[in-house]
Each structure stands twice: as C-alpha cells, then as structure tokens.
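This report concerns only the one structure given below.
The values are calculated or read from the model by the stated rules, or taken from the named source; none is laboratory data. Please read these numbers as outputs of a predicted model, since none were measured by experiment. With ideal geometry, Cβ positions are generated from the backbone for all residues, glycine too; neighbour counts draw on all protein chains shown. What goes into the accessible areas is simple: the full protein's heavy atoms, side chains included, and nothing from ligands, DNA or RNA. Shrake-Rupley method; radii C 1.70, N 1.55, O 1.52, S 1.80 Å.
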Amino acid sequence: KQLYEIKRQTVSNKNIITRLYAFGSQKNLSSNYRGYSQRLKIPNIAHSYIEDATALAAFGRIEATKIFEDIYPHRTGSVTALSSSAYRFTDSSMDFDLKADDGNGNTLYLIAGTNAKIHFNTGNLAGYEFEVMDYNHAAREFTIKQFADERGQAFPDPNNAAFRIGMGDQYVILDIMMPQTYITTAEAELLAAAQTYLAQNCQPRVQYSLKIDKMYLRQLYSGQATANVYNIGDSVNVTDTDIGVNKAIRIRAFTRNVLDPYEYDLDLNDIQEKGILQRIIASTIETEKALAINQLKDPVRAMRSWKSTRELLDMVFDPDGYFNGEKINPETIETIMLSVGTKS
C-alpha cells in the first residue's frame, strides 16, 4: 500500500559465493588427522565445502576458500592453585592426562620431539609462551620452564610478583594433539563460522531506492506529531526474485520533504561504506590479525629472532678486504639500486 516505487540502483556480483571451502588453523592436530589434512576441516563432509542451494541455482557454482586461523582444537584452562615454586601451577579442571600413552609406549597427546607449550591469555604473563617441563595428572599440576629476555628479566620471576603466574590466569596448551572431544567441538565451531560467512556472501550486494506514498502515510499518522516515520538503521524486508534476494535491508539514508512531512525517499543498502576513521581502524585490525597469525607479537619468538640476528651479524666478515671499515652515517640515502655482498 505505502510503497509507491522501488528501483534497484546497483547490483554487484563481487564476492558472491555459492560453494565455500572452509578450513581452520593448523594448531593442535595430529599428523594423520582426517586424511593427513594439515588444517582443521568442517565435520562429516567429505569434500570440505558447504553450498547454498538457492544461490547455486540462481548464479551457478562460484567457489571460494576461507581460512579461519583463530579456530582450532583447544582448551581454555584457568589457574586454580599456585605452588611454592614460581614455575608450577594447578588447574583442577584439567580433564585429560597430558602424558597419557596408548599402552605401547606411544603418547596420545604429546608430539615426539616437541615440547608442549603453555600460552597465557590473561594475567601478568599474558602473551608469553612457556615450555612444559612436567605434568602431574594426579595433582593436575604443570611445571613450566623459565626463560630470560635480552634484558635479563626472568619469566616467571620468583623475586618479582609483576612477572609471576596469578590465580585465575587463563591459558591454552599448544603444540599437542588434542583429544577427540575438543577436535569435534572445534569442527562444529568451524562449520558455524563457515555457514555465517556463506550466508553473508551468497547474494549480490544490492542497493534500492524507495518512494513512499505520502497519502497513505498521512492517513496512518494524521493528527500525530510529525516525528520521523522512518529512521536510519531501520530494516525493510525486500523480495527481489530476479536476483534471489529475500532479506531485511537497512535504511542507510532518507530524504524527507520539509514542506510535506509525509513525503519520503528511502535508500536501502546492506553494504557498509567505510569512512576514513573506519578504514584506519579496519587496517589496524587487519594488521593485528596478521601479527597474531604469524605470531609476530610472541615475545619468546621475538627474543629468539633478535638473538639469531645478533649472531648472524657477529659472523659476517669481508673475505676480500674490499670494504672500508669506517662507518657511514648519512641523514638520508636516495638510490636506484643497492648492491649487497662481496664481489666474490
């Protein structure tokens, strides 16, 4: 009744996906997981993909792959008791024996040649990883290995409370093979994330323009205060059988006639247009994701890299006697090409 005119202003098939291959992280999986897959896979689906039947019929097969690096089998534990030693802590809820074996001398969860690691998510040691030196399942007690950074600061530090494990600190165990129950849970989480991602990308990104019948609105709201009938962020359900759209699309903008308060033009758009501040924030978030995925914020890894770089610099020498030993300290360097290394 109140809809006078609707126009589809833009239709973009960019990023339309009808078949999605979804994978999780590589962490905490055994070498023979699901046909020797190196990444977590969605459950009970042989081909590791999901489809949207309606979108598939409308647009054909459009495949894409999405990797969810933050989804992997893990258990978030919590420190429930502290030991007299700064290197030990207890988690009374630990539900599997980290050192269990299959009766033939083969470990169930530990990886041969690799030490399990405790990664603290919260507390004074948040962000740090420690090798697990021992685990006592009867007491649910972990023993971790201390390390020192380039400044000589020890972690954990028995002499400084600011660098010690605390009650309630949360952690995850890495570089192990998790029990099947945790793998099943992670696979279900991966499937849910994949279904959400597919639902967001299986239809064209559309924009509609609506003109509303002002006479109809006047009949409905005559005699009432002339507050906005529509507001930014309200949703309007749109069915567009030509491109398979049947969903609620938010009102991005509207125009209201100052002289005739019941005359509206609505713009519907499910595409979020980012302003400069949003783009800066999004760029920062992507950078943070890249840092997390590549473990560039891991202080232990950073310390090892720094030590390796220093060792490499100490081993560099000039076999030809070609380079001048005096240092060059220019304010700036502008060049087309830079040649690095000895002539030989």
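For residue 54, the criteria (1) part of a loop (DSSP other than H, G, I, E, B); (2) surrounded by fewer than 14 Cβ atoms within 10 Å (Cβ to Cβ); (3) touching a residue at least 60 places away in the same chain (Cβ under 8 Å) hold in every case but one, which is (1). When segment 106-133 is limited to residues that are in a loop (DSSP other than H, G, I, E, B) and of a type in the set (Val, Ile, Thr), the one that is surrounded by the fewest Cβ atoms within 10 Å (Cβ to Cβ) turns out to be 114. Would you say residue 36 is surrounded by fewer than 16 Cβ atoms within 10 Å (Cβ to Cβ), hydroxyl-bearing (Ser, Thr, Tyr) and in contact with an Asp or Glu (Cβ under 6 Å, 6 or more places away or on another chain)? When the stated conditions are applied, residue 36 does not pass them. Condition check for residue 181 on (1) within 26 Å of residue 65 (Cβ to Cβ); (2) open to solvent by 20 Å² or more (accessible area, probe 1.4 Å): one failure, at (1).
The set of residues in segment 325-337 being modelled with pLDDT under 80 and either under 30 Å from residue 150 (Cβ atoms) or among the small types (Gly, Ala, Ser) (or both) consists of 325, 326, 327, 328, 329. Report whether or not residue 8 is within 19 Å of residue 194 (Cβ to Cβ) and in contact (Cβ under 8 Å) with a residue 12 or more places away in the chain. In short, no.
Restricting attention to segment 57-85, which residues are closer than 30 Å to residue 243 by Cβ, modelled with pLDDT of 90 or more and either acidic (Asp, Glu) or over 28 Å from the mean Cα position of the chain (by Cα) (or both)?
Of the residues in segment 57-85, the ones closer than 30 Å to residue 243 by Cβ are 57-68.
With modelled with pLDDT of 90 or more added as a condition, the list becomes 61-68.
Matches in segment 57-85: 63 only.
Can you spot a residue in segment 157-176 that is under 30 Å from residue 42 (Cα atoms) and in contact with a Leu (Cβ under 7 Å, 6 or more places away or on another chain)? Yes, the conditions are met somewhere in segment 157-176.
Looking at segment 21-42, can you tell me whether even one residue there is in contact (Cβ under 8 Å) with a residue 12 or more places away in the chain and within 30 Å of residue 209 (Cβ to Cβ)? Within segment 21-42 (the criterion being in contact (Cβ under 8 Å) with a residue 12 or more places away in the chain and within 30 Å of residue 209 (Cβ to Cβ)), the answer is no, since none of the residues qualifies. Residue count for segment 134-151 satisfying the condition of being touching a residue at least 40 places away in the same chain (Cβ under 8 Å), touching a strand residue (DSSP E or B) at 6+ places or on another chain (Cβ under 8 Å) and on the phi < 0 side of the Ramachandran plot: 9. With the requirement that a residue be touching a residue at least 24 places away in the same chain (Cβ under 8 Å), of a type in the set (S, T, N, Q) and in contact with a strand residue (DSSP E or B) (Cβ under 8 Å, 6 or more places away or on another chain), what does segment 94-117 give you? The one that is touching a residue at least 24 places away in the same chain (Cβ under 8 Å), of a type in the set (S, T, N, Q) and in contact with a strand residue (DSSP E or B) (Cβ under 8 Å, 6 or more places away or on another chain): 115.
Can you name the residue in segment 16-33 that is open to solvent by 40 Å² or more (accessible area, probe 1.4 Å) and under 23 Å from the mean Cα position of the chain (by Cα) and is also nearest to residue 205 (Cα to Cα) among such residues?
Filtering segment 16-33 for residues open to solvent by 40 Å² or more (accessible area, probe 1.4 Å) gives 21, 23, 26-27, 31-32.
Cutting the leftovers down to under 23 Å from the mean Cα position of the chain (by Cα) gives us 21, 23, 26-27.
Details: 21: 21, 23: 25, 26: 32, 27: 35 Å.
Per the criteria, the residue is 21.
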